[in-house]
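K.L.:
I'd like to ask some things about the structure below.
The values are calculated or read from the model by the stated rules, or taken from the named source; none is laboratory data. Values in this document were obtained by computation on a predicted structure and should not be read as measured data. Here the Cβ positions follow ideal geometry from the backbone for every residue, glycine too, while neighbour counts run over all protein chains shown. Only protein heavy atoms, including side chains, enter the accessible area calculation; ligands, DNA and RNA are left aside. Shrake-Rupley method; radii C 1.70, N 1.55, O 1.52, S 1.80 Å.
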Amino acid sequence: MTRILARALLLGLLVASLEAQSAWYVDPDASGVGNGSPAQPYLRIVDAVAAAGTGDTIYLLEGLHEGGDVDLGQKNLAIVGLSATQPVVIANPTTGATGVFRIGGPATGVTRLIDLVFESTTGAYDFHVEARDTGLELSGCTFRAGASLRAAPPGTGSVPPVLTIDHCDFADGYLVFPDAPPVGSSAIVSDCQFSGTTTGYNPHETVLRYDQLTLDGCQSQGPSSPITIAARAGLVRNCQFENQALVGLRSEATALTLRDCLFRRCWLGFQLRGPNHLLEGVVFEDCFIGLEARTYSAPAAGTRLAGCRFETTAWTPTWLPAQRTGMALAYGDVVIDRSRFLGLGRPGCRALELDASSLIRDCLFHADAGPMTTPAIDCHGGLIHLVGCSFVGDVASGVVAIQALPWATVALRNSILRGQGSWIGGAASVDHCDVEGGWSGAGGHNLDLDPLFVDPAAGDFRLAAGSPCLDAGDADASDLAPIDLDDQPRVAGLYVDLGAYERPAAAIQLGGSGDDLSLEVERNGERLGQESAPVTAGDLVRVLIRSPQHQVDGFPVWLLGQLHPDGQRPAAPVGHPSVHLDLALAESLYDPALAAGVGGWLLGLSPAGLDLSGSVPPGLVGQAYLIQAFALFPLAGNGWYAATQAYDLVHG
């Protein structure tokens, strides 16, 4: 009696505002035939479907509903679970026969399933929700005990042209839309959970083939719930794939962006079998193979990684070999930027295995678990460019950190190799690098000096002030990345730094009248005062910029001017009280970039100073012309300093 009263109260609250002809109710414990009203609900879903029209809503009360013989036909309906304390479950017949819950309808329509649980009563994967031809939206649904959501009928290519799934749970259930979808079809799967407990060949694989596909905020928990996607254009973001005994995610897309995802403790984290893939901010932890990039019959061209992290720890599951074979295997041209490869030195662990021309920039390779017992990078073919990388850690005897096999060549530039052991085997050239133990092969401009890392014991391999690797690189712009491993500008000083991190130049500090820079002004041969002086049309004004203590000699100097109609200096910018010009409006009276060859002065301020002169033009009565000199010189290991002086010429 209590349960009946609770249901009556729930129905009264939920349906008070609904029109009688658009809402139908089904109670698996109803007695009698019923008419689908809240007071006399139907006993079976099929009766409600027969009575409903397109656009109607069918409400299912909590309990176990038989759904193995339901066919929505050409009706677009919303089927909603109403649950006070127990889930609303739809299952195949209790006899254990295979059941199918069929969804169809016009291509322009949408069928909605909300807050429902689909399950197989036998757990034998014999209950299927089949959808075709019409749009489908699922929210808050669960597929468990072998129930599946799939295209229907299998093999015909009939799939929902628009598929939206959010906050659903596929727990030992699965999602399969394997047929080639129509052009323009789209699928969005967001905030869903995928899990499977079966070992061996996996019956819980999710397969999604759509023209446009987005997988957002989903989680896949193994050991057997891999996801395969294929799309003309796809996006996978904010997803996690963990504990997969086979594959976490497989892509057969022709273009895919994978962003801010995590692959943890998978046999194979991400298997890429198509071209034009971009991985940004993706993390691979403790995978036997983190990334495999190749197609069935050809290399996966156009693959790019940026800001990714590959790492192995001491963790080893019973179903993973004790040795790792590789963090990333790339079969085809690949570009890897700003990525970290950590945990090298564990048995059998290598960072990259490459077999075609590739570009690796601003990456860190760290053997923090002991000496490398296998090469960090195995190069099987093509020309492998490594630019601005840091290799840190020892290399075991008889092993090299970078191995170029006979069909491959390695070109290393602007990099740091720090540790004991042999670094490169095979054909290689090394230019503008800091190599511990030196390099006697092809290349030049190399160092064998302590790079002075900030805190190597804590894994901070940024360059400290005074490092010999500062400004020591080759700034050839042909293959330099615009930013470094810290996402900072790649060139901050006069030249590029060595290694994966660019040391930022200190912010330019602006001085004032106390700096070793003087701005002397003469009017018609008369030395004027320190701050300002009146001038009239036709006066000959001479400006002399000097460094009395010669601290600024040889460094660039600029002289800027700006006319102020009110005769007053403009307000100084916040934080720079010695700057009196609007730098966006000021004009250059002298610029070293324009002075090449003038009087033999080229590189900077000469010991004799910079001497400029000119006549005051007419028509400027009551106005001020502010001139200001800037001399730019470096501070050792701490960026640049700008000394300044300013002077007002007030037109009388």
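K.L.:
Could you work out what % of the accessible surface of the stretch 367-450 is carbon and sulfur, using a 1.4 angstrom probe and leaving DNA, RNA and ligands out of the count?
P.N.:
On the way: 1690 of 3130 Å².
Accessible surface attributable to carbon and sulfur in the stretch 367-450 totals 54 percent.
K.L.:
Here is a follow-up. What does the highest-first list of 407-420, 424-437 look like by mean Cβ count within 10 Å? Could you put the intermediate results ahead of the total?
P.N.:
Numbers: 407-420: 21.9, 424-437: 20.4.
Packing proxy ranking, top to bottom: 407-420, 424-437.
K.L.:
Would you tell me the accessible area of residue 546, worked out with a 1.4 angstrom probe on the heavy atoms of the protein chains, in Å² to the nearest 10?
P.N.:
Roughly 90 Å² of residue 546 is accessible to a 1.4 Å probe.
K.L.:
Evaluate the Kirkwood expression for the hydrodynamic radius of the stretch 432-475, namely the inverse of the mean inverse distance over all pairs of different C-alpha atoms, and round to one decimal in Å. Don't skip to the end; give the middle numbers.
P.N.:
Details: mean 1/r = 0.0882 Å⁻¹.
So the Kirkwood estimate lands at 11.3 Å.
K.L.:
Roughly how many percent of the accessible protein surface of the stretch 46-136 is carbon and sulfur, given a 1.4 Å probe and a whole-percent answer?
P.N.:
Numbers: 1640 of 3300 Å².
Roughly 50 percent, rounded to a whole number.
K.L.:
Also, I was wondering about something else. Counting only heavy atoms of the protein chains, get the accessible area per residue of the stretch 341-485 (1.4 Å probe) and round it to a whole Å² value. The partial results should precede the final answer.
P.N.:
Working: 5230 Å² over 145 residues.
It amounts to 36 Å² per residue over the stretch 341-485.
K.L.:
How would you order 454-460, 354-360, 484-490, 548-554 from highest to lowest mean count of nearby Cβ atoms within 10 Å? If you can, show how the numbers build up before the last one.
P.N.:
Values: 454-460: 11.0, 354-360: 21.4, 484-490: 17.4, 548-554: 14.3.
By packing density, highest mean first, the sequence is 354-360, 484-490, 548-554, 454-460.
K.L.:
Let me ask something else about it. Which shape class applies to the stretch 396-452: rounded if a/c is under 1.5, otherwise prolate when a/b exceeds b/c and oblate if not, where a ≥ b ≥ c are the square roots of the Cα gyration tensor eigenvalues? Walk me through the numbers before you get to the answer.
P.N.:
Details: a/c = 2.29, a/b = 1.25, b/c = 1.83.
Cα axes put the stretch 396-452 in the oblate bin.
K.L.:
Give me, ordered by chain and number, the residues 5 or more places off residue 101 or on other chains with an amide H under 5 Å from its own placed amide H.
P.N.:
128, 129, 130
K.L.:
By accessible area of protein heavy atoms, probe 1.4 Å, what ranking do 390, 190, 31 get, highest first?
P.N.:
On the way: 390 0, 190 25, 31 110 Å².
Result of the area sort, largest leading: 31, 190, 390.
K.L.:
For the stretch 210-276, which whole percent of the accessible surface, found with a 1.4 angstrom probe, sits on carbon and sulfur atoms? Mind dumping the intermediate values first?
P.N.:
Numbers: 840 of 1990 Å².
Of the solvent-accessible surface of the stretch 210-276, carbon and sulfur hold 42 percent.
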